[in-house]
Amino acid sequence: MSQDIAIAPWYRQPWFWFLTIAPLSAITFSMFMLVVAANMKDTMVTDDYSKEGRGINLEIARDQAAADMNLNADITFENRSILMNISTGQDPATFPYLVLNLFHPTLAQKDRTIQLRSDGNGHYTGTMHEDIDGRWYYELRGPDNSWRLKGEAWLPIEDNLHLSAKGSIKG
């Protein structure tokens, strides 16, 4: 009464695959994440937190100086050219040059620093070496680094980007 039933090889057994799919998936994903972690560099924003803390008051003073000067700027991005008009209250600015810093939110190697040259009467121009796309933090500083205008924008932008000092920042 005994019948010989052919048993399928181990790789054709459904219970084998049911029981091993989760551990195999975990091992595969772990190896992938290990490779990604080994090949990506850590970008540390700052490594001296006490120095950063002392610099906060200086940054607040720069923001307040921009508000006191009533700085307003309009920036236009045309391909890789930057055109800017800046005024202090009702008068055009007379700075010899300005520095525009563009900070990428997550990748420090994409940060850009652009020097804007004065064309006279509050008009400034600059050139970018690479196209920019996506979300960026910007910071416009004067030549003596005594004031700043900062914010966030999605670039490139079709209209003008308006920068202004955000009111009084008294602490």
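The values are calculated or read from the model by the stated rules, or taken from the named source; none is laboratory data. The model shown is predicted, which means the values in this text are computed figures rather than measured ones. Cβ placement follows ideal geometry from the backbone for every residue including glycine, while neighbour counts extend to all protein chains displayed. Accessible surface areas use protein heavy atoms only, side chains included; no ligands, DNA or RNA. Shrake-Rupley method; radii C 1.70, N 1.55, O 1.52, S 1.80 Å.
Given the criterion modelled with pLDDT of 90 or more and loosely packed, with under 10 Cβ neighbours inside 10 Å, identify the matching residue among Val36, Val45.
Criteria check complete, one pass: Val36.
Would you confirm whether any residue within segment 51-59 is on the phi < 0 side of the Ramachandran plot and modelled with pLDDT of 90 or more?
no
Please enumerate the residues belonging to segment 141-159 that are of a type outside the set (A, V, I, L, M, F, W, C), touching a residue at least 12 places away in the same chain (Cβ under 8 Å) and within 27 Å of Leu58 (Cα to Cα).
Across segment 141-159, the qualifying residues are Arg141, Gly142, Pro143, Asn145, Ser146, Arg148, Lys150, Gly151, Glu152.
Taking only pairs six or more apart or across chains, which ones have beta-carbon atoms under 6 Å, a first residue in segment 75-98 that is closer than 25 Å to Leu155 by Cα, and a second residue that is aromatic (Phe, Trp, Tyr)?
Final answer for the pair search is Met84/Tyr124; Leu98/Tyr124.
Mind checking which pairs have a first residue in segment 41-55 that is under 17 Å from Lys110 (Cα atoms) and a second that is at pLDDT below 75, Cβ under 7 Å, 6 or more apart or different chains?
Final answer for the pair search is Thr46/Glu52.
Against the definition (open to solvent by 30 Å² or more (accessible area, probe 1.4 Å), of a type outside the set (D, E, K, R) and in contact with a strand residue (DSSP E or B) (Cβ under 9 Å, 6 or more places away or on another chain)), how does Ser50 come out, yes or no?
no
Could you please let me know if Asp119 is at pLDDT 85 or above, farther than 19 Å from Ala153 by Cβ and acidic (Asp, Glu)?
The answer is yes for Asp119.
From Ser164, Ser118, which residue is within 18 Å of Phe77 (Cα to Cα), touching a residue at least 60 places away in the same chain (Cβ under 8 Å) and of a type in the set (Ser, Thr, Tyr)?
Ser164
At least 1 residues that are open to solvent by less than 70 Å² (accessible area, probe 1.4 Å) and closer than 20 Å to Gly55 by Cβ in each: list the strands (runs of 3 or more DSSP E) lying fully within segment 66-171 that qualify.
Hits in segment 66-171: 97-103, 134-141, 148-155.
Please tell me if Ala22 is open to solvent by less than 100 Å² (accessible area, probe 1.4 Å) and either within 30 Å of Tyr138 (Cα to Cα) or part of a strand (DSSP E or B) (or both).
Answer is no for this residue.
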